[in-house]
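Working notes, beginning with the structure itself.
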Amino acid sequence: YDAMVRMAQPWSMRYMLVNGQGNFGSMDGDPPAAMRYTEAKMARIADELLVDIDKETVDFRENYDGRLSEPSVLPAKLPNLLLNGQLGIAVGMATNIPPHNLGELVDATVELIDNPEATLDDLLKHVKGPDFPTGGVVYGAESLRNAYATGRGGVVTRGIAEIVDGAKSGRQSIIITEIPYGLNKASLIEKIADLYKEKKITGLSDIRDESARGNVRIVIDLKKDAYPKKLLNQLYKLTPLQQSFHYNMLALIDGIQPRVLGLSDILQEHIKHRQVVVRRRTEYELRKAKERAHILEGLKIALDHIDEVIATIRASVTTDEAQEALMKKFKLSEIQAKAILAMQLRTLAGLERKKIEDELAELIKIIKELEDILADEKRILAIIRTEMLELKDKYNDERKTRIVPQELGKF
């Protein structure tokens, strides 16, 4: 339930995978309501992680108690590891991957498909940096480059705050409208209040939370003799309004081998995964098309010799006998003979016959197309490329986090 709740929180997920109704917690750290009080359904974008799962594209294994089967990995059209990021701790290992913008990831993936020799700098023309659901600012182009090259590193993130003149009071205020990713808003307000009590910061007259409908708005009213810029710098220095985000892009390769991956490595692994999925999907569709064509060929034989077929069936005492007689006389397979015995009288009509012939002709074209795809890896990559660009058209949105190239001091 906790995992599902996180997928329904807009401040936790860059692209929510669950649409939740009810109380799913808050940025202040409030817990969600008990599961009996909430409802949830899969978000549209989550369907892209599951599409084609019914076409034998991924392996299934037994679940924890062996009663059910579950996919060992999802077909995942989108690289969700980078899209929504990941935070986890395992035995002796930890991972910390920030979320990213969908359109930027698609463009970088397409770049790698078009040019397998693309360098990190080529990819960074598309992926500007992390894109947190809570917005904010990330500083340091060089720090970002190092993190994406090695899979490890740290960048400085800041919330968005501005100094505003009070129209009536004549006093100034600092208004915080965005906070760093993963920060508890109530804890930030409490920290500022504690610093004021401890006299580590001065010049505050009031602090209040005016946040509503998912929009952050923390208002800090200042005294008349306060220095707003100095106070804002103190807030960045002494509170989590400015903090470091530490990259540790550790992931399992092939489900078994933990490795720290750079940006290029993760995108290449995603392309390899999609190649397997598209190939297995194509093989499944080819098999189904051949099975259907095989049945249609049998029906066509029956329609070409309908009088003999009817006579053979009428001369048989049992269904099994009729099946054996059809297989022997017309050189049919068991599947074809069963299909003929299940054939309805309306199939004898001229239009119904034409439908069978047209469907068979169409299937022959589809079979050839699917065989051509399986014979050419470039065509598989072209399909992956097209599907990625379609996802960008459907789900792309504006970046929420601003990237500032200049570096800020680490702490």
Which of GLY92, GLY25, GLY255 fluctuates most in a GNM of the chain (C-alpha springs under 10 Å)? That residue is GLY92
At 0.36 nm per residue, and after removing the present C-alpha to C-alpha distance, how many nm does the segment from GLN406 to LYS354 gain when stretched out fully? 11.7 nm
If one computes the Cα centroid of the stretch 1-77 and of the stretch 237-307, what distance in Å separates the two points? 19 Å
Name the residues whose placed amide hydrogens come within less than 5 Å of the amide hydrogen of GLN172, ignoring near sequence neighbours (fewer than 5 apart) on the same chain. GLY166, LEU222
Spin-label proximity, ASN23 to the stretch 209-232 - amide N less than 18 Å from point 7 Å beyond Cα toward beta carbon: 212-214
Ordered by number, the chymotrypsin sites (Phe, Trp or Tyr not before Pro) in the stretch 34-85 that occupy a DSSP loop and have at most 12 other Cβ atoms within 10 Å are TYR64
For PHE132, the residues 5 or more places away or on another chain with a placed amide H closer than 5 Å to its own amide H are THR401
Taking the Cα-to-Cβ direction at LYS328 and at LYS300 and moving 7 Å from each Cα, how far apart do the two end points lie in nm? 2.7 nm
Under Karplus coefficients 6.51, -1.76 and 1.60, residue-wise ³J(HN,Hα) of the stretch 344-355 in Hz, glycine/proline x: 8, 4, 5, 5, 6, 5, x, 5, 5, 5, 5, 4
Apply the Karplus parameterisation 6.51 cos²θ - 1.76 cosθ + 1.60, with θ equal to phi minus 60°, to every residue of the stretch 12-26 and state each ³J(HN,Hα) to the nearest whole Hz, in sequence, with x for glycine and proline. 9, 10, 5, 10, 4, 9, 10, 8, x, 10, x, 8, 10, x, 8
Report the label-to-label distance for ILE53 and ARG314 in nanometres (one decimal), using points 7 Å from each Cα along the Cα→Cβ vector. 5.3 nm
Taking the chain as the reference, fit the longest principal axis to its C-alpha atoms, fit the long axis of helix 141-150 to the helix C-alpha atoms, and give the angle between the two in degrees, 0 to 90, nearest 10. 40 degrees
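List the GluC sites (Glu not before Pro) within the stretch 48-136 that fall in a DSSP loop (any state other than H, G, I, E or B) and whose Cβ has at most 16 other Cβ atoms within 10 Å.
When the GluC sites (Glu not before Pro) of the stretch 48-136 are filtered for loop state and at most 16 Cβ neighbours within 10 Å, GLU56, GLU117 remain.
May I ask you to compute the full-extension gain from LYS197 to ARG259, defined as 0.36 nm times their residue separation minus their alpha-carbon distance, rounded to one decimal in nm?
17.7 nm
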Write down the percent of antiparallel bridges among all DSSP beta bridges whose residues are both part of the chain, to the nearest 5. 95 percent
5 Å is the cut-off here: which amide hydrogens, built 1.01 Å from N in the peptide plane, fall below it relative to TYR247, excluding neighbours closer than 5 in sequence? GLY153, GLY154, VAL155
Going 7 Å from the Cα of TYR64 along its beta-carbon direction, which residues of the stretch 1-44 have the amide nitrogen within less than 16 Å of the resulting point? 1-5
Excluding ILE160 itself, calculate the net charge of residues whose Cβ lies under 13 Å from the Cβ of ILE160, where each Lys or Arg counts +1 and each Asp or Glu counts -1. +2
Heavy-atom accessible area per residue, the chain, 1.4 Å probe: how many Å²? 56 Å²
Distance in nm between label sites at MET35 and GLN86, each 7 Å beyond Cα in the beta-carbon direction? 2.4 nm
For the pair ASP397 and ILE175, what calculated FRET efficiency results from E = 1/(1 + (r/R0)^6), where r is the Cβ-Cβ distance and R0 = 25 Å, to the nearest 0.05? 0.50
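Given a 1.4 Å probe and every protein chain left where it sits, what share in percent of the accessible area of the stretch 173-324 is carbon and sulfur?
Accessible surface attributable to carbon and sulfur in the stretch 173-324 totals 49 percent.
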HN-Hα J couplings of the stretch 43-56 from phi, Karplus 6.51/-1.76/1.60, θ = phi - 60°, integer Hz, Gly and Pro as x? 6, 4, 5, 5, 4, 5, 7, 10, 4, 6, 5, 8, 10, 6
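The values are calculated or read from the model by the stated rules, or taken from the named source; none is laboratory data. Keep in mind the model is a prediction, meaning the values are calculated, not measured. Positions of Cβ are generated from backbone atoms using ideal geometry, with glycine treated the same way; all protein chains shown enter the neighbour counts. Quick note on the areas: whole protein, heavy atoms, side chains included, nothing else; ligands and nucleic acids left out. Shrake-Rupley method; radii C 1.70, N 1.55, O 1.52, S 1.80 Å.
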